[in-house]
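Student: Have a look at this one.
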Amino acid sequence: MTRSVIIVSIFLLLMSCASARRDKTQKDLDVVESEEILTKMRTLAFEGDQKEIRKVGKKLLSRLGDDPSAPEVMLLVARADVELGFFDEAKELTLDLISADAGMKRTADAYLLLSDVERSRGLFSDAAKHVLTVLGMELDDQTTERARDALGE
């Protein structure tokens, strides 16, 4: 009796170790794959392939969850959405990014993108409010200059 209990215990221990290792390996693979896809998205953004950015980005966002690269992916997809005319989706992504704790720079980028969405819809006063929000953030000179240019438009 004790011999069978010991054998079963050893078997269960080995099974739990194997399961834990497989989970860790899968997480490592997901991180590597996410980094590769993000690099691909940056390349696509450089090339200006908005349709592919949107397609790859949406797929990646469905898998990322709380990954640290999610805010950058959200910005890339939202920019592609604006270029392609998917304003509702772009607005949703930017609002999600603003509500998340993504850092001041990414939040400012999201507000500027939200301003572009509102301007594209003809809601110029709302667009100006978003730009003024960015100007009130006291960010780097480049972001401030982009906000001033957007306000001028």
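Student: Just to confirm, what accessible area per residue do you get for the range 29-128 at 1.4 Å probe, in whole Å²?
Tutor: Dividing the accessible area of the range 29-128 by its residue count gives 54 Å².
Student: Next question, about the same structure. Pairs to check: Lys59/Lys129; Lys59/Lys91; Lys40/Lys129; Lys55/Lys91; Lys91/Lys129. Give those whose C-alpha atoms are more than 25 Å from each other in this structure.
Tutor: Beyond 25 Å between Cα atoms: Lys59/Lys129; Lys40/Lys129.
Student: Now a separate question. How would Met137, Met104, Met41 rank on accessible area, largest to smallest, probe 1.4 Å?
Tutor: Met104, Met137, Met41
Student: Among rounded, prolate and oblate, which fits the range 57-153 when a ≥ b ≥ c are the square roots of the eigenvalues of its C-alpha gyration tensor, a/c under 1.5 means rounded, and a/b larger than b/c means prolate?
Tutor: Judged from the Cα gyration tensor, the range 57-153 comes out oblate (a/c at least 1.5, b/c at or above a/b).
Student: Of Leu135, Gly103, Ser120, which is farthest along the charge dipole of the range 103-153 in the positive direction, counting Lys and Arg as +1 and Asp and Glu as -1 at C-beta?
Tutor: The one lying farthest along the dipole's positive direction is Ser120.
The values are calculated or read from the model by the stated rules, or taken from the named source; none is laboratory data. The model shown is predicted, which means the values in this text are computed figures rather than measured ones. Reconstructed Cβ throughout: ideal geometry from the backbone, glycine too, with neighbour counts over all protein chains shown. Areas reflect the complete protein model, heavy atoms only, side chains present, ligands, DNA and RNA absent. Shrake-Rupley method; radii C 1.70, N 1.55, O 1.52, S 1.80 Å.
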